[in-house]
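The values are calculated or read from the model by the stated rules, or taken from the named source; none is laboratory data. In this text the structure is predicted, and so the values were computed from the model without any measurement. No Cβ is skipped: glycine too gets one built from the backbone with ideal geometry, and neighbour counts run over all protein chains shown. Ligands, DNA and RNA are excluded from the accessible area calculation, which covers all protein heavy atoms including side chains. Shrake-Rupley method; radii C 1.70, N 1.55, O 1.52, S 1.80 Å.
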Amino acid sequence: MSARLPEFTWDALEKVGALAAGHPDGVINLSIGTPVDPVPEVIQAALAAGADAPGYPLTAGTPRLRRAITDWVARTCRTPDREFGVLPTIGSKELVAWLPTLLGLGPGDVVAVPRICYPTYEDGARLAGAETVRADSLTALGPDNRVRLIWVNSPSNPTGQVLPATHLRKVVDWARERGAVVASDECYLPLGWTAEPVSALAPEVTGGSYAGVLAVHSLSKRSNLAGYRAGFVAGDPALVAELLKVRKHAGMIVPAPVQAAMVAALDDERHAAAQRERYARRREVLREAFAGAGFEIEQSDGGLYLWVTSGEDCWATVEWLARRGILAAPGAFYGPAGERHVRVALTESDEKIAAVPSRLA
Ligand SMILES: Cc1ncc(COP(=O)(O)O)c(C=O)c1O
């Protein structure tokens, strides 16, 4: 099976990682966007309180968790009702990687992904034996009626692009006409900076029906829970019910203590607002530092990254940064169209972020 998949993205960064690690003041790692701030106390307490869990958890999630997800989606995605289905997932990456398989896609089917995107969309298609096409517009996608699944991701990893509701609406209409599913990866939805991200479950996108639409969410970035593996999917009740049926058989169950922790995380907006503020401050420092060093900062309207270019090949830029002890992700990781950009994550400590301007000076 692994022969279907490319080299694991981050393994390719090892050599240049060693160069950055050789900096006398240590590496500042802006490559993988892994949270570095503490898990909020309220969530840690809920995890500990849920530790006595000898029985099997529910794949569908506890009633309490299902209510917390529903409440959160209703207020954050601005749904006019609560008629959408919900299902917890073991982080969102596993759902992204297995969604084509869970939906029964296979050889002959096509999964559409953004031109520059999170690599797991394509990995998921490969795991199912389906084909991938990269397209940012419906015109570029053409009349291909083999398309069964379309991924959108706003705010985007890696570009930070925020898609307007009008664009999402066109994608949903196009997919409905062809019986395809729209999967909207919204794991950065709470992180809009210079544009307001819109959920694919918002009424201006769905037109009042959730048919054919799934929104994929994650608590990894909002709540510093990457280590817990906590995500969920919400949307078309029939599709969510189908995913639940398959996942029950496959043992894709979120552990009970994590389900309890997710309730605490979803019910509390205070810690999420504080974390968002931290990222906003770090973003400003990095934005000024990179712009001051002559980089162009493109898109980057939301999400956890700056998408920057110095006009040269991404690997040359990554090496230039590594010589200054800064590790960034080459844009080529996200598709051939990313070859001249690098992705700069906002996920380092305040102290390390504060050291970036002098290293770039
Ligand atoms: C666009 C996107 N989707 C999904 C994920 C997976 O996140 P997790 O599995 O931690 O929920 C990531 C992680 O960085 C991401 O960038």
- Message: Straight-line reach from Lys245: which lysines fall under 20 Å, measuring Cα to Cα and dropping same-chain residues less than 8 apart?
- Response: Lys93
- Note on the structure: Carbon and sulfur atoms account, in whole percent of the 1.4 Å probe accessible area of the chain, for 53 percent
- Note on the structure: For 142-148, 80-86, ranked highest to lowest by mean beta-carbon neighbours within 10 Å, the order is 80-86, 142-148
- Taking a crude spin-label model, label points 7 Å out from Cα along the C-beta direction, the Thr166 to Asp144 distance in nm is 2.6 nm
- Task: Set the Förster distance to 35 Å, then compute FRET efficiency between Ser209 and Tyr56 from the Cβ-Cβ distance, nearest 0.05.
- Result: 0.50
- Among the lysines, which fall within straight-line cross-link reach of Lys352, defined as a Cα-Cα distance under 20 Å, with same-chain neighbours fewer than 8 residues apart omitted? Lys221
- Task: Express in % the proportion of alpha carbon pairs of the chain at distances exceeding 33 Å.
- Result: 28 percent
- Query: Helix-derived [θ] at 222 nm for the chain: sum -39500 (n - 2.57) over DSSP H runs of at least 4, divide by residue count, nearest 500?
  - Reply: -12000 deg cm²/dmol
- Task: Could you grab the relative contact order for the stretch 18-170? Cα pairs under 8 Å, six or more apart, rounded to a whole percent.
- Result: 15 percent
- Task: Can you tell me how much longer the chain between Ala3 and Trp315 gets when fully stretched, taken as 0.36 nm per residue apart minus their C-alpha distance, in nm with one decimal?
- Result: 109.8 nm
- Which of the DSSP-defined H helices in the chain satisfy a minimum axial length of 15 Å, computed from C-alpha atoms, and a minimum mean Kyte-Doolittle hydropathy of 1.0? 256-267
- Message: If you count only protein heavy atoms with a 1.4 Å probe, what accessible area per residue comes out for the chain, rounded to a whole Å²?
- Response: 42 Å²
- Message: Relative contact order for the stretch 122-217: what percent, with Cα pairs under 8 Å and sequence separation of 6 or more?
- Response: 27 percent
- Query: For the stretch 48-155, what is the per residue volume of the convex hull drawn over the alpha-carbon atoms, in cubic angstrom?
  - Reply: 158 Å³
- Tell me, how many Å apart are the Cα centres for the stretch 1-48 and for the stretch 162-184? 32 Å
- Once you have the Cα-Cα distance between Arg324 and Glu94, take 0.36 nm times their residue separation minus that, and quote the gain in nm to one decimal. 79.3 nm
